[in-house]
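For reference, the structure is listed below as structure tokens.
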Amino acid sequence: MFGFLKKRPAATAAQAAELDRQAEGLLDTIVQLEQQLARDPQAAEAQKALMLAYNRALPVFARSLRYRQEMDALFVKIDALRNTIRTSVQGGQTG
């Protein structure tokens, strides 16, 4: 599960730049989806898309020296989104 955290050989400058580019693109996507959810917290499709974006970002951020410090915040955001999803699913069920 946490294989992306294993030590890997140091990336070349070109690889590091590519990782940073990927991380920046994922971060842009995450920010857009977070803004969408801020406007409509119950948007199920946005919740799913954001969870996927978070999970795609984890291995990229872990390998990027520039974005690695974002890992803790990303885990906190994943937990918060899980709680939001859980609450919206439970709130949508009728007994």
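The values are calculated or read from the model by the stated rules, or taken from the named source; none is laboratory data. The shown structure was predicted, so the numbers you read here are calculated from the model rather than taken from an experiment. When the accessible area is computed, the model is the full protein with side chains, heavy atoms only, and any ligands, DNA or RNA have been set aside. Shrake-Rupley method; radii C 1.70, N 1.55, O 1.52, S 1.80 Å.
Worth pointing out:
- Figure note: R82, R21, R39 ranked by solvent-accessible area, largest first, 1.4 Å probe, ligands and nucleic acids not counted: R39, R21, R82.
- Stokes-Einstein diffusion for the stretch 14-90 at 20 °C, viscosity 1.002 mPa s, with a Kirkwood radius from C-alpha pairs, works out to 167 µm²/s.
- Exposure check, 1.4 Å probe, all protein chains in place: T84 carries approximately 60 Å² of accessible surface.
- The stretch 45-54 - phi-based ³J(HN,Hα) in whole Hz, Karplus 6.51/-1.76/1.60, Gly and Pro as x: 5, 5, 4, 5, 4, 5, 4, 4, 5, 4
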